[in-house]
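Below is one structure; the comments refer to it alone.
The values are calculated or read from the model by the stated rules, or taken from the named source; none is laboratory data. Keep in mind it's a predicted model, so treat the numbers as computed, not measured. Positions of Cβ are generated from backbone atoms using ideal geometry, with glycine treated the same way; all protein chains shown enter the neighbour counts.
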Amino acid sequence: MNPMEYGRFLVLSLGTGTAKSEEKYDAEEAAKWGILGWLTSDHSTPLVDVFTQASADMVDFHISTVFQALNCEENYLRIQDDTLTGTLSSVDVATKENLENLVKVGEELLKKQVSRVNLATGVFEPINKMTNEEALRKLAKLLSREKHLRDAKSAVGN
């Protein structure tokens, strides 16, 4: 297999969700933080959040760029909610209430339109009328079909 045959790959990327960026941290407030403020601030971990988000954004941006440049962007599905607020965006709040609320967020996310990062702005934008749930079902059918083809080839080859 040629390393540039991205058209043969199907990639599903499930995000853990991120805070609504314009509401999570305030620049004026952050400018006053000392070392401890960057490590923990109002039920969050700003430094960890920034590095985690930057890493996830860079991976998504890179993969989106590669798949779009090779004209196979339909083979990459990223599902991510970047509008979380309060404790929903925190990775360390495991209360029953918060976990139940996260389930609701996930159920709502399935109903949202498929979106893709706009390479010019870095913002997720809806790309078609298909919902995330429909896109996942479509991907599952493709994978199932591929599995059946491989099983058939394997049975013939043995």
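Residues are listed down the side, and each one gets a yes or a no for (1) part of a helix (DSSP H, G or I); (2) farther than 15 Å from GLY15 by Cα:
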position: GLN53; (1), (2): yes, no
position: GLN68; (1), (2): yes, yes
position: ASP81; (1), (2): no, no
position: ASP92; (1), (2): no, yes
position: THR121; (1), (2): no, yes
position: LYS138; (1), (2): yes, yes
position: SER144; (1), (2): yes, yes
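Within the range 66-104, being in contact (Cβ under 8 Å) with a residue 60 or more places away in the chain and touching a Ser or Thr at 6+ places or on another chain (Cβ under 9 Å) holds for TYR76, LEU77, ARG78, ILE79, GLN80, ASP81, ASP82, THR83, LEU84, SER89, VAL91. With respect to (1) exposed (fewer than 15 other Cβ atoms within 10 Å of the Cβ); (2) assigned to a strand (DSSP E or B), the lone exception for SER115 is condition (1). Inside the range 114-158, residues that are hydroxyl-bearing (Ser, Thr, Tyr) and more than 17 Å from the chain's Cα centre (by Cα) make up a count of 2. For residues in the range 49-82 being β-branched (Val, Ile, Thr) and touching a helix residue (DSSP H, G or I) at 6+ places or on another chain (Cβ under 8 Å), which is surrounded by the fewest Cβ atoms within 10 Å (Cβ to Cβ)? Among residues in the range 49-82 that are β-branched (Val, Ile, Thr) and touching a helix residue (DSSP H, G or I) at 6+ places or on another chain (Cβ under 8 Å), the one surrounded by the fewest Cβ atoms within 10 Å (Cβ to Cβ) is VAL66.
Of the residues screened, ALA19 is not one that is farther than 20 Å from THR121 by Cα and either surrounded by fewer than 13 Cβ atoms within 10 Å (Cβ to Cβ) or modelled with pLDDT under 90 (or both).
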